[in-house]
Amino acid sequence: MDRAPALCHQIGMLTGALSGLQHSGLGDSGELKGLMQQIEQLHGRLQELQLEERAAGSSESMGTRQELVQCRVELSRCMELLTQQQDQAAEQYRRVLGDGKPAFEQLSHEEQMREAPEAAALRQQYQELKQVGRQVQRLNEGLMDAGYRLDRAYEATSSSGAAEVVDAGGDVEIPPFS
């Protein structure tokens, strides 16, 4: 199926972008927002894949299921890179503030920006990386759900001998990004 390899390719591009950020230093808000847009596009591709799979029938299910597994393997690399970047941002944040961290965290955002702009920026990056991580996790959950639904549809058609795809449930509902 053409959609699954395209999905895996896009996840690979996301992994590459995350790796590039890691090697060039933590990204700015614009780069992280770009990653969020890439993830949103991946969610859309996943939903298209689910619709196509229903229309294609069970003959292509096995290949699509294998592609989904490959996508999840690639996505796990993304999650690992995100975790490393979150850890790096947190470590830099703690290093910059030292013992003043508890007092700094009691300040308003504006006061933080005046007192320690580098620490405030690192804290913001950490929060944005966490948001990207949540979206990647949602995509992973969508991939798992799609694989499960394909398995159920495949089992239902295999056991009944039917040539048509059995609807194994609705699409994964992915709430809009905020």
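A few comments on the model shown:
- Some residue of segment 48-69 being at pLDDT 80 or above and out of contact with any Pro (no Cβ under 8 Å at 6 or more places or on another chain): yes
Listed here are the residues, each with its yes/no results for (1) in contact with a Leu (Cβ under 7 Å, 6 or more places away or on another chain); (2) not β-branched (Val, Ile, Thr).
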| residue | (1), (2) |
| --- | --- |
| CYS71 | yes, yes |
| LEU75 | yes, yes |
| CYS78 | yes, yes |
| LEU81 | yes, yes |
| GLN85 | yes, yes |
| GLN92 | yes, yes |
| VAL96 | yes, no |
| LYS101 | no, yes |
| GLN106 | no, yes |
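- Pair list, Cβ under 8 Å, 6 or more apart: segment 62-82 residue within 11 Å of MET144 (Cα to Cα), other residue in a helix (DSSP H, G or I) and open to solvent by 80 Å² or more (accessible area, probe 1.4 Å): ARG72/MET144
- Near pairs, Cβ below 6 angstrom, 6+ apart or cross-chain, from segment 100-124 (closer than 18 Å to LEU32 by Cβ and open to solvent by less than 80 Å² (accessible area, probe 1.4 Å)) to any residue that is at pLDDT 95 or above and not in a helix (DSSP H, G or I): none
The values are calculated or read from the model by the stated rules, or taken from the named source; none is laboratory data. Keep in mind that this is a model prediction, so the values were computed, not measured. Positions of Cβ are generated from backbone atoms using ideal geometry, with glycine treated the same way; all protein chains shown enter the neighbour counts. Just the protein is used for accessible areas: all its heavy atoms, side chains included, with ligands, DNA and RNA removed. Shrake-Rupley method; radii C 1.70, N 1.55, O 1.52, S 1.80 Å.
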